[in-house]
Amino acid sequence: MSETPTRADAWELLTEFTDNPSLIKHALSVEAAMRAYARHFGEDEEAWGAIGLIHDFDYQQNPTEETHLHVGTGILREHGWPEDWIQTIASHADYMGIPRDTVVRKTLFAVDELSGFLTACALVRPDKAIAEVRVKSVKKKLKDKAFARGVSRDDVRRGVEELGVDLDKHIAFVRDAMATVADDLELPPAK
């Protein structure tokens with residue numbers, strides 16, 4: 001690996017540990033949102049993108065609180081990833097006990113659950129187009145506990161609060177970022 005991990009390094013590690021298409025699409029969604037927010041905040045888009053892409057790379061093989069990220073952080077250290085990146089990745093799970101005290105950590109937490117929820121919202125649309133998902137519809141579905149029940153509404157709410165952004169704007173921002181990679185997500189482009 002190069003001195004600073006690249007997207008190629010992140011992709012290689014992700015695909016070494018993950019072959020579940022849904023998990024790979026989730027990683028691509030989070031990467032797109034992280035890159036967009038990096039541009040928005042004037043931060044390092046490549047670093048933020050790699051962090052987003054790799055954030056759940058160990059989840060398929062380690063899907064429990066006792067193993068997810070505990071195993072992954074060790075693997076990242078073995079591969080020579082920067083410690084601040086490792087801490088950022090680990091911070092997206094409350095049980096890791098790492099404070100979200102930087103904008104990159106707050107952003108990763110804020111986009112993680114929401115990106116999965118937005119995918120679910122797109123998939124129930126007749127056209128399945130992520131770009132056509134409406135903010136009003138997302139907010140209505142967030143109130144429906146039966147819809148995409150695996151998504152923590154509390155994490156979505158806390159993510160917005162921690163990042164200090166408006167919910168409507170955040171939903172639209174992440175949706176628009178995901179729309180830039182709609183082909184990779186196997187969702188149709190906007191009409």
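Placing unit charges on each Cβ (+1 for Lys and Arg, -1 for Asp and Glu) gives segment 7-179 a dipole about its Cα centre, and among 42, 142, 85 the Cα reaching farthest toward its positive end belongs to 142.
In whole percents, the pair-distance distribution calculated for the chain from its alpha-carbon pairs, binned every 5 Å from zero, is 1, 8, 17, 22, 22, 16, 9, 3, 1, 0. Only helices enter this figure: runs of n ≥ 4 DSSP H residues, each worth -39500 (n - 2.57), summed and divided by the residues of the chain, yield -18500 deg cm²/dmol at 222 nm to the nearest 500. Ignoring lysines fewer than eight residues from residue 106 along the same chain, the ones with Cα atoms less than 20 angstrom from its Cα are 169. Positive contributions from Lys and Arg (+1) and negative ones from Asp and Glu (-1), summed over other residues with Cβ under 13 Å from the Cβ of residue 73, come out at -4.
Between the C-alpha center of segment 1-65 and that of segment 121-191 there is a gap of 19 Å. Taken as entire DSSP H runs, the helices of the chain that both span 20 Å or more between Cα atoms along their own long axis and average 0.5 or more on the Kyte-Doolittle scale are 103-123.
None of the figures in this text is laboratory data; all of them are computed from the coordinates on show. None of these values were measured; they are calculated from a predicted model. For neighbour counting, all protein chains shown are included, and Cβ atoms are generated from backbone atoms with ideal geometry for every residue, glycine included.
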